[in-house]
Amino acid sequence: MTTNGVSIPPERARAAQEIATVLTPGRRVVLTTHVNADGDGVGSEIGLWHLLRARGVTATIANPTGIPERFDFLVPDGADASDRAVREIERADVIVVLDIGDLGRLGDLGHAVRQRAAPTVCIDHHVSPGSLPAGPRLVAPEATATAELVFDLASALGWPLNPESARALYVGILTDTGGFRFSNTSARALRVAAALLERGVDPEGIYETVYASAPEGRIRLTAEVLQTLVVEPEAGLAWVTVPPDALERHAATADDLDGIVEFPRSIAGVRLALLFRQIANGRIKVSFRSMGAVDVADLAHQFGGGGHKKAAGGSFEGAMGEGEPKVLAAARAYLRDHGERRAAKR
Ligand code: 5GP
Ligand code: MN
């Protein structure tokens with residue numbers, strides 16, 4: 001099946017049909033994504049929101065944490081009810097979970113989603129243990145971004161892509177590929193992006209809003225985090241650590257840290273880059289990024305996390321003083337044990 005100039009795999013088309021059976025007018029549909037929503041989480045849910053609205057389906061966005069300011073330009077008036085997310089979930093007839101496949105990453109909403117036990121649609125591109133309540137699934141780990149799957153949903157169902165929806169989905173693909181640079185930049189993702197441009201997306205305007213409208217604090221925070229850089233050239237390892245209270249001092253949010261880990265990753269010879277930060281409840285959050293064949297999803301699993309081969313994350317209980325050395329020891333061991341394969345691939 002080919003629509004919008006992109007062919008849709010049959011299993012995705014089938015999944016789309018199943019999803020369509022629950023997304024019908026009259027039902028209260030609630031859309032949600034993971035804590036600290038990124039461009040793909042937000043872009044996917046807003047893209048879907050517009051598609052549903054055009055079909056007369058009322059949807060509400062209810063995320064576990066607020067939508068980062070840099071994506072405010074996408075959010076339609078009145079669509080975001082994240083400040084009363086639990087209440088929205090408790091009243092939902094259908095819940096659509098985007099860009100994650102398990103309850104754990106839904107933060108405080110995980111409990112409410114399980115309790116509600118409404119049909120729970122999942123649209124996602126992670127390899128996931130699938131701990132969500134039952135419902136139709138459009139899950140494809142080989143997809144570049146969840147936004148690509150929302151595009152497939154619309155295409156398979158013949159739902160016209162309105163310009164607002166196209167713009168939001170473009171943001172999802174743009175940000176999850178690091179601006180069409182990462183290894184997940186597939187030919188198909190570029191075809192989808194092309195179809196979105198044909199719906200009137202303005203790439204320069206989006207670039208400016210998403211990447212070139214930073215508050216001063218984001219740049220000062222970046223400077224401070226980069227001061228902590230440690231490189232171990234012989235191991236191919238580099239890491240940075242967010243200093244205590246740095247976010248508060250620069251009036252920044254977790255979203256302002258997005259992309260900083262690309263700096264240690266960009267050093268010649270580095271195959272594994274890490275970013276550490278202390279988060280609430282005495283936990284440490286680690287971002288893992290790799291170059292070449294190092295599988296960081298595998299490494300992140302050791303710390304209760306997950307993600308993709310070259311971009312993963314996790315959080316665990318502990319203070320930085322003890323937690324950071326543990327992760328670094330595991331990272332060095334991982335690089336040692338997976339040395340040959342990596343050397344051969346590069
Ligand atoms: P980031 O390091 O930018 O927060 O996340 C990179 C990727 O790692 C995300 O796209 C997501 O797939 C995954 N990820 C981040 N944090 C966690 C986590 O706490 N648990 C799991 N399972 N995956 C995570
Ligand atoms: Mn994603």
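Quick one: what are the phi-derived ³J(HN,Hα) couplings along region 227-240, Karplus 6.51/-1.76/1.60 with θ = phi - 60°, whole Hz, x for glycine and proline?
4, 8, 3, 10, 10, 10, x, 5, 8, x, 10, 8, 8, 10
Quick one: pull the percent of accessible area on region 57-172 belonging to carbon and sulfur, 1.4 Å probe, ligands and nucleic acids left out.
47 percent
Would you pull out the residues with amide H under 5 Å of T241's amide H, same chain only if 5 or more places away, H placed 1.01 Å from N?
Answer set, sorted by chain and number: T228, F276.
When the chain is modelled as a GNM with alpha-carbon springs shorter than 10 Å, which of G305, G292, G101 fluctuates the most?
G292
Compute the length gained on full extension between A194 and H111: take 0.36 nm times their separation in residues and subtract their Cα-Cα distance, giving the result in nm to one decimal.
26.0 nm
Taking the Cα atoms of the chain, report the difference between the largest and smallest coordinate on each principal axis, in whole Å and largest first.
58, 41, 38
Out of residues 5 or more away from R199 or on other chains, whose amide H comes under 5 Å of its own, with H placed 1.01 Å from N in the peptide plane?
Here the answer is none, since no amide H 5 or more places off falls under 5 Å of that of R199.
Just the accessible area per residue of the chain, please: how many Å² with a 1.4 Å probe?
That works out to 44 Å² for each residue.
Once phi is turned into ³J(HN,Hα) by the Karplus curve 6.51 cos²θ - 1.76 cosθ + 1.60 with θ = phi - 60°, what whole-Hz value does each residue of region 66-81 show in order, with x for glycine and proline?
The phi angles translate into x, 6, x, 3, 5, 9, 3, 4, 8, 6, x, 3, x, 7, 9, 10 Hz.
Using amide H atoms built 1.01 Å from N in the peptide plane, name the residues 5+ places from R283, or on other chains, whose amide H lies under 5 Å from its own.
For R283, whose amide H was placed from the backbone, the distant partners under 5 Å are G318.
Give me the percent of accessible area attributable to carbon and sulfur for region 231-325, probe 1.4 angstrom.
Ligands and nucleic acids excluded, carbon and sulfur give 54 percent.
In deg cm²/dmol and to the nearest 500, what is the mean residue ellipticity at 222 nm of the chain if only DSSP H runs of at least 4 residues count, each as -39500 (n - 2.57), divided by the residue total?
My calculation for the chain gives -12000 deg cm²/dmol from helical runs alone.
Please list, in order, the residues from region 207-231 whose amide nitrogen is less than 20 Å from a point placed 7 Å along the Cα→Cβ vector of R249.
Counting only backbone N, you get 215-230.
The values are calculated or read from the model by the stated rules, or taken from the named source; none is laboratory data. None of the values given here were measured: they were computed from a predicted structure. Reconstructed Cβ throughout: ideal geometry from the backbone, glycine too, with neighbour counts over all protein chains shown. Each accessible area value is taken on the protein alone, full model and side chains, heavy atoms only, with ligands, DNA and RNA left out. Shrake-Rupley method; radii C 1.70, N 1.55, O 1.52, S 1.80 Å.
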